[in-house]
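All remarks here apply to the structure that follows.
Read-outs: derived from the displayed coordinates by stated rules, not from any lab. A quick note: this is a predicted structure, and the numbers were derived from the prediction, not measured. No Cβ is skipped: glycine too gets one built from the backbone with ideal geometry, and neighbour counts run over all protein chains shown.
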Amino acid sequence: MTPALPTHRSFALGEFKVTTLLAGSTPREDPHSIFGLNVSDEEFSRVSQEAFLPEDMAQFFFTPTLVDTGAERILFDTGLNAGGITNALAAAGYTPSDITHVVLTHMHGDHIGGLMKDGTPTFANASYVTGQVEYDHWAGAANDGFEGNVRPLADKMTFLSDGGSVRSGITAMLAAGHTPGHMVYMVESGGKQLLLMADTANHYVYSLAHPDWEVRFDMDKAAAAATRRRLFDMASADRIPLIGYHMPFPGLGYVETRGEGYHFVPHSYQLMG
């Protein structure tokens, strides 16, 4: 039997309450077919062993984030399906109707899957925010997930460019490569910062620690690697905590430079006070 995983983790960021929500988790076989496409089997094996990881399986986590400002409840991404995100919200003490804004960092299926249930919007009272570049790309891509989950909500959407604001204290930053308009968000309150890095890195070892390793899901692999280095240099230099959508749950931690790459430092108690 697979043990049950916790589904939420909350902490304060200035005047905001931030909650990471585990909307799903699944094993994936043959991780070298996903990560490190440009490295040898021998190097992939060595890195896996050094990190105490099995070579034949990786565990994937899907972790939307809720920022409760007091006046708004802003959900970043929605998981694979409506059931996963609504269950996680319920465990954290929220209902879908509580959500005032849904922000889409990008439009891969595991981020937009919870927007709809049986053709009905999951978050009945929400408005929607996403990047203009990202929306325009998928609008011309004949993608079933976009057509079923995103396009029906277009009349409720606000479109951002690099540097745009969801609201005061939440700023969009273009982080292209994973997708053409992939966005990350800097959250600031009470003099404290938090980087929602979305899918900048899809694995804490095979992608974050080794930013130049090619990832199958990255649409522009060179741009994705450059984005990783730019954002992780910033987060490391400024000692900014971050949440990664695919980092081991609860997805929260820090980045430090290590050799030619980086190291993910999981949160322990730094933000509990």
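Once the Cβ-Cβ distance between Leu5 and Tyr254 is put in as r, and R0 is 30 Å, what FRET efficiency do you end up with, to the nearest 0.05?
According to the calculation, E is roughly 0.85.
How do 136-148, 97-109 rank on mean C-beta neighbours within 10 Å, highest first? Don't skip to the end; give the middle numbers.
Working: 136-148: 14.5, 97-109: 21.9.
Descending mean neighbour count gives 97-109, 136-148.
Taking R0 as 51 Å, what's the FRET efficiency between Ser168 and Asp56 from their Cβ-Cβ distance, rounded to 0.05?
Once the sixth-power term is evaluated, E becomes 0.60.
Based on the Cα atoms of the chain, what semi-axes does the equivalent ellipsoid have, where each is the square root of 5 times one gyration tensor eigenvalue, given in whole Å with the largest first?
Semi-axes from the Cα gyration tensor: 27, 21, 19 Å.
Got a sec to turn the phi values of the range 162-170 into Karplus ³J(HN,Hα) couplings, 6.51 cos²θ - 1.76 cosθ + 1.60 with θ = phi - 60°, whole Hz, x for Gly and Pro?
For the range 162-170, the Karplus-derived couplings read 3, x, x, 10, 6, 6, 4, x, 10 Hz, x marking Gly and Pro.
Given q = 0.09, 0.13, 0.21 Å⁻¹, what are the Debye log10 I(q)/I(0) values for the range 115-273, with equal point scatterers placed on the Cα positions and solvent ignored?
-0.32, -0.67, -1.39
Tell me which trypsin sites (Lys or Arg not before Pro) from the range 223-273 have a DSSP coil assignment and no more than 11 other beta carbons within 10 Å of their own.
Those satisfying the criteria are Arg239.
How far apart, in nanometres, would the label points at Phe159 and Asn38 be if each is projected 7 angstrom from Cα along the Cα-to-Cβ direction?
About 3.2 nm separates the two model spin labels.
Just grab the label-to-label distance for Asp136 and Ser97, each label 7 Å out from Cα along the Cβ direction, in nm (one decimal).
With each label placed 7 Å out from Cα toward Cβ, I get 3.9 nm.
Report the semi-axes of the equivalent ellipsoid for the range 75-150 in whole Å, largest first, where each axis is √(5λ) for an eigenvalue λ of the Cα gyration tensor.
Result for the range 75-150: semi-axes of 21, 12, 10 Å.
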